[in-house]
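Read the structure below first, then the notes.
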Amino acid sequence: MIDKKNIIRLGLILLVLAVLTILNNTMGKYEIRILNLAGIYIILGLSLNVINGFTGLFSLGHAGFMAIGAYTSSLLTMSVIQKESNFFVEPIVPWLANVQIGFLPALLFGGILAAVLGAMIAAPILKLTDDYLAIATLGFSEIIRVIFTNTQSLTNGALGIKGLTRYTTVHYTWGIAILTILFMFSLRKSSYGKALMAIREDQTAAEAMGINLFKHKLLAFTIGSFFAGIGGGLLAHLMGTIDPLMFRFLLTFNVLLIVVLGGIGSISGTVISAIVVTIMLEWLRFLDGVIDLGFMTIQGIPGLRMVLFSLLLMVVIIFKQNGLMGRDEITIDSLGGFFARFRKKEA
C-alpha cells in the first residue's frame, strides 16, 4: 500500500525543485548567488546542529572542517594550468600536480577527508564538556588554518587559490541541501538519533541505559564534519577563490548564529533561519558603507551589520531562549493540522 505521506513529501520536493528552476532562470547573478549561499548555509547549519543540537556538544571548530573540504575539492578539480598559475612562489607537491577529477567526486572526497580528520580530532577531546570542549575545538580550527597558511606547496599558503571554476549551481547546492535535510530527519528518527538526543538530555542516564557515549559522540562529530566539508567545497566553487583568512572564527559564528536563532536541535528552524539570515546579511550590507539619506550622509562602520546580528542574537537568547522554533519541527502532520484549523476558522 502506498504511503500518502511519502507521496506528499515527494510532491513537496518536486515543487521546491520546480520553484528553484524557475528562480534560476529568472533571477540575476547577484540574486542567484544569495540563493546558493542560502542552500550552503542550510547544509552548514544542519551539520553543526548534529553536534550542538542533537548531541548537546558545544563545538566551535566548524570553520576548520569547512576549510578542509574547500581546499580538498579545489585542489582536486583544478587543471594543471590552473595549478601552475597559482603555485608560482613554490611548485605544488608532485603527487597533486597532474591530478584532476570531477566536481562531485572531489566534493565527496573533501567531505570524507573532513570526516576522517574530524573523527581524529574528536577522539582525544570528547571527554571534555561544555566550555572546555568549545575551547579545544576552536583551538583545533585555528591550528588547521595556521597549517594551511604555512604549507605553501600544498595549499599555496597565505596567497590562497584563485581562478577556481564556479561549478556550484542552484541545482547542486539545493539538491545537496534537500538530501541533507532528508538525512537529518532520518537520523533523528533512527535509534542512533534517539541515542544522541538522550545524551543531550542526560549523559548519566543515557550511559545507565547502555548507550555508548564515546561511540555516539564520535558518530555525531564525524557526521557534522562530513557535511561541513561538503558545505566548504560548495562555498569554494561558488566564490571562485579561497584563502586561509576566509575560515576564521567569524565563519563559525555565522553558522552558530543560524543554529541558535532557528532553535538548537530543530531541523526546520535551522533551514528557516539559514534562509532568513543569509538574505538579511546581504540586505544589510549597506550598513558597512556610506549611507546617503539625502539630507545627510552617514559614514558607515565596517562590521556594523555583524554588530546588529549580535544584538539580535542577544535579544533572542533573552526573550526566546529556545530559538524561533525551539525543538519543534514542521512535519506533514503539523501542516495538516494547521490547514485543518484554518479550514475550521473559515467555516
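A short reminder: the numbers here are calculations on the coordinates, not readings from a lab. Remember, predicted model here, so these are calculated numbers, not experimental data. A quick note on method: Cβ atoms are made from the backbone with ideal geometry, for glycine too, and the neighbour counts reach across all protein chains shown.
Assorted remarks:
- Relative contact order for the chain, counting Cα pairs under 8 Å that sit 6 or more residues apart, in percent: 28 percent
- The three principal axes of the C-alpha atoms in the chain carry coordinate ranges of 71, 64, 47 Å, sorted with the longest axis first.
- Net charge contributed by nearby residues that have their C-beta within less than 15 Å of residue 245 (K/R +1, D/E -1): +1
- With both labels modelled 7 Å from their Cα along Cα-to-Cβ, the residue 312 to residue 135 distance reads 3.1 nm.
- The GNM of the chain, with springs linking C-alpha atoms under 10 angstrom apart, assigns the highest mean-square fluctuation among 80, 276, 260 to 80.
- Cα gyration tensor, segment 118-276 - rounded (a/c under 1.5), prolate or oblate: oblate
- Counted as membrane-span-like here are DSSP H helices of the chain whose alpha-carbon atoms extend 27 Å or more along the helix's own axis and whose Kyte-Doolittle mean is -1.0 or above; these are 4-26, 29-49, 103-125, 130-150, 170-189, 213-239.
- GNM flexibility winner over the chain from 311, 154, 20 (Cα, springs under 10 Å): 311
- Among 164, 14, 108: highest mean-square fluctuation, GNM of the chain, C-alpha pairs under 10 Å: 14
- Put simply, when 111-124, 221-234 are sorted by average Cβ atoms within 10 angstrom per residue, most first, you get 221-234, 111-124.
- Per-peptide average of other Cβ atoms within 10 Å, ordering 199-212, 62-75 highest first: 62-75, 199-212
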